[in-house]
Amino acid sequence: MPGKFYKEELKIKKRDKRRYITIVVATVLVFVLLFGRNFEIQVVSSEKYVEQANGIAKITAPIKASRGEILDCYGRPIATNREGYNIIFNYASISKTTINDTILSLIKLLGDHEWKDDLPLLDTAPYSYDKEAAEISKTRMLDMLELAHYATAANCFDALVKRYSLEDRDKKQQRLIMGVRYTMERAGFSISVPFTFAEDVDSKIMTIISENTDIYGENGVSIEVASFREYDNASVAPHIIGTVSPIYAEDWEELKAKGYSYDDKVGRSGIEKACEDELRGTDGEITYKVDSKGKILSSEVTKEPIPGHTVRLTIDKNVQVSAQNALMDTIKQLNKDKIYANAGAAVAVNVKTGGVLAAVNCPTYTYEQYENDYESLVSDTTGRPLFDRAFTGAYPPGSTFKPAVACAALQEGVITSTETITCVRKYRYFKDYQPNCMHFHGGITLIPALSKSCNYFFFETGRRLGITKMNEYCKKLGLGVKTGVEVSESAGTLAGPESRAEWYEGYTLSAAIGQSDNAFTPLQLATYTATIANSGVRYKTTLIDKIMSYSQDKVIKQSKPEIVDTVELDESVINTVKKGMLSVTEDGTGSRVFADYPITVGGKTGTAETTKGADHTVFIAFAPYENPEIAVAVIIEHGKYSSYSGGLLKAIFNAYFFTELQNETDTPSYELLP
């Protein structure tokens, strides 16, 4: 029994010892944790807690990133950046008692230079609603002012006067100040969101503001260095490059959700819009230490801004400039010759890649005109300089459509390359529709039919082929379908049962010579020509060669030729059609232009009938014939004779084949033609 009690006592002692050790370890751990926390508070994070104790906060604000640049295929600048100056309001150092006087002082200093004012009220008496402002702008103003939807402009004006303490000002001053104050508020003006009052002010204004810190600096105004779009040549491809603009009221909520700031710029059209995600940079951050009174104690760049990517296009700037000059000169020459053409377009495409080498329009415009005289451009409903004829203008192709019909008919076996069809001018197959050829060609085979552009031959060929098969091949060749280019384009119209409520066999005759409802863009015609030159392989048409880092030392994305369709054509078929197109330039309708040209050219002329004025003239061609590199389509509205369009096409070939890269010349600023 004593041994049993001894064992029990021993167990109790061991248990008590373990408890004692546990208590000691726990106590030590508590002291270690307390010491560690004390060390963290007093040493590691002492600055943080001292700042909190003194009411100091950290606030971040964005640092704007530069927009990416746009270059041509050789890296020559088209749309680049330059440094300029913005006037900025900084919330932390603004004086609420003097802000209205500061705004008036800046407006007076700016003179004719614009400042930010998005208030949807007219800036002149009686200060009614601005009818040109988006309806959503009016709605947001009413919501901000907590007014009913039926509130008058006068109700809004009075509410704004009260909101911004403008009772002691005259009406004109009230409207000036409230416009800026309202825009500030809409932009979310705060310590973390500075307000850009005016952009791209000249150096004289910058100097005045910088030197008068007692007037401006102490009242929250500063100068910010910013980047602005600059065009190496203001006339180069404006329809392709597109525009950049401030954010519109109707787009603000959507773009805000994507991380845009109120005073950011966004691509609106062309490449600027298509490549917005690439061109847009990533803003950096600056962190301010601000005391309890809102005074900035210090600042530090905590995140460097990352500029947008550089976009290198397939456009050859030299070919683009030369084509634009030649188009303008051609139109002027037509007018001198009393042929009253005033518009046209031309597109050149790389046969081996689908890249657009040039795309020009007449009339065109410069970026200065767009910026400073936009209303005149919009109101010109005759010339329509803002209309991109090259990519969205749809024109009857005339006889340039015939190579497509020839490809389909040969491949389907409805004609042969040696079959003779006798042209007696009037085509009498149908009793109720008997169209005429332009000449009596007599017995004629396919190659001379293309060379001499015999309508009779293609009336018969089209009838045999039928509209369904004809259009099946045309679509594969790139007619009546979009090319896939990155900017806005038209799909055009392919004549057939889909284009009319009722389709009669006789309509097929007109369709076979490029009339009826057929209407294609110069871009489609150039792509179609390139597809024939490339033996039936159609590439996706593109404007983008590669995406690079801003400094151009790294390729982010390299474009590769993309086959979108292939026309299954026997080698004998494509060779026959190409020989027919070669004959056009050697002894046919295009020989006047290319008979003595040092490079062999395959082509096809066309005239498209119009309801008013002279016919449109169309010309498609590719070169060199033996190993095609470039395909071109040109159209001149009311150009009448193919020699004019052919001369333009020849000028483009000259620029591509014979102009040295270092001898690039800029095009002059264009005047709009009457």
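Each Cα pair under 8 Å and six or more residues apart adds its sequence gap; the mean of these over the residue count of the chain is a relative contact order of 15 percent.
Summing Lys and Arg as +1 and Asp and Glu as -1 over all other residues whose Cβ lies under 15 Å from the Cβ of residue 273 gives a net charge of -4. Cross-link reach is defined here as a Cα-Cα straight distance under 15 Å, omitting same-chain residues fewer than 8 places apart; for residue 332 the aspartates and glutamates meeting it are 637, 671. Between residue 150 and residue 374, take the C-beta separation as r, use R0 = 45 Å, and let me know the FRET efficiency to the nearest 0.05. Plugging the Cβ-Cβ distance into 1/(1 + (r/R0)^6) gives 0.85. For residue 431, the aspartates and glutamates whose Cα falls under 18 Å of its own Cα, not counting residues fewer than eight places away in the same chain, are 460, 505. Can you list the DSSP H helices in the chain whose Cα atoms extend at least 18 Å along the helix axis and whose mean Kyte-Doolittle hydropathy is 0.5 or higher? Length and hydropathy pass: 642-658. Of the trypsin sites (Lys or Arg not before Pro) found in region 533-641, the ones in coil according to DSSP and having at most 15 other Cβ atoms within 10 Å of their Cβ are 554, 612.
Ratio of Rg to Rh for region 269-376: 1.27 [Cα atoms; Kirkwood radius as inverse mean 1/r over pairs]. Only aspartates and glutamates eight or more places from residue 650 in sequence, or on another chain, were considered; those with a Cα closer than 16 Å are 329, 586, 596, 629. A simple count of charges around residue 464, restricted to other residues whose Cβ falls under 13 Å of its Cβ and scoring Lys, Arg +1 and Asp, Glu -1, yields -2.
With R₀ set to 51 Å, the beta-carbon distance separating residue 133 from residue 657 gives a calculated FRET efficiency near 0.45. Spin-label model, residue 172 to residue 352: label points 7 Å out along the Cα-to-beta-carbon direction sit 6.7 nm apart.
Here is the list for region 334-374: trypsin sites (Lys or Arg not before Pro) lying in DSSP coil, each with at most 12 other C-beta atoms within 10 angstrom of its C-beta, are 338.
Net charge of the neighbourhood of residue 616, taken over other residues with C-beta under 14 Å away and scored Lys/Arg +1, Asp/Glu -1, is 0. Placing a label point 7 Å from the Cα of residue 261 along the Cα-to-Cβ direction, the residues of region 203-243 whose backbone N falls under 12 Å from that point are 224-227. Applying 1/(1 + (r/R0)^6) with R0 = 35 Å to the Cβ-Cβ distance of residue 210 and residue 300 gives a FRET efficiency near 0.95.
Considering only 228, 408, 392, and ranking their Cα positions along the charge dipole of the chain that arises from unit charges at the beta-carbon of Lys, Arg, Asp and Glu, the one farthest toward the positive end is 408.
Checking the cross-link pairs 138/482; 265/476; 138/258; 352/578; 336/402; 557/604 against a 28 Å limit on the alpha carbon distance flags 138/482; 265/476; 336/402; 557/604 as lying beyond it. Of all beta bridges DSSP finds with both residues in the chain, what is the antiparallel percent, to the nearest 5? Antiparallel bridges make up about 95 percent of those DSSP assigns within the chain.
In plain terms, the chain from residue 203 to residue 382 could stretch by 60.4 nm, reckoned as 0.36 nm per residue minus the Cα-Cα distance. Each peptide in 395-404, 190-199 gets a packing score, the mean of other Cβ atoms within 10 Å over its residues, and the list from highest to lowest is 395-404, 190-199.
Taking the protein heavy atoms of the chain in the context of the full set of protein chains, the accessible area attributed to carbon and sulfur is 51 percent at 1.4 Å.
With a simple spin-label model that places each label point 7 Å from the Cα along the Cα-to-Cβ direction, the separation between residue 124 and residue 431 comes to 7.1 nm. Reported to the nearest whole Å, the Cα centre-to-centre distance from region 367-446 to region 466-531 is 10.
Largest first, the residues 158, 596, 72, 553 sort by 1.4 Å accessible area into 596, 553, 158, 72.
Each label point was placed 7 Å from the Cα along the Cα-to-Cβ direction; for residue 250 and residue 557 their separation is 2.8 nm. As a size descriptor, the averaged projected area of the C-alpha convex hull of region 120-258 was calculated at 11.9 nm².
Listed options for Cα extents along the principal axes in Å are (1) 130, 99, 55; (2) 99, 55, 42; (3) 108, 51, 40. The value calculated from this structure is the one marked (1).
Name the residue from 255, 194, 87 whose Cα lies farthest towards the positive end of the charge dipole of the chain, charges +1 on Cβ of Lys and Arg and -1 on Cβ of Asp and Glu. Value computed over the given set: 255. Counting only protein heavy atoms and a 1.4 Å probe, the chain has 49 square angstrom of accessible area per residue.
About its Cα centre, the chain has a charge dipole of approximately 2560 debye under the convention of +1 per Lys or Arg Cβ and -1 per Asp or Glu Cβ, with nothing else charged.
The values are calculated or read from the model by the stated rules, or taken from the named source; none is laboratory data. The model shown is predicted, which means the values in this text are computed figures rather than measured ones. Reconstructed Cβ throughout: ideal geometry from the backbone, glycine too, with neighbour counts over all protein chains shown. Just so you know, the surface numbers come from the protein's heavy atoms only, side chains and all, with ligands and any DNA or RNA stripped out. Shrake-Rupley method; radii C 1.70, N 1.55, O 1.52, S 1.80 Å.
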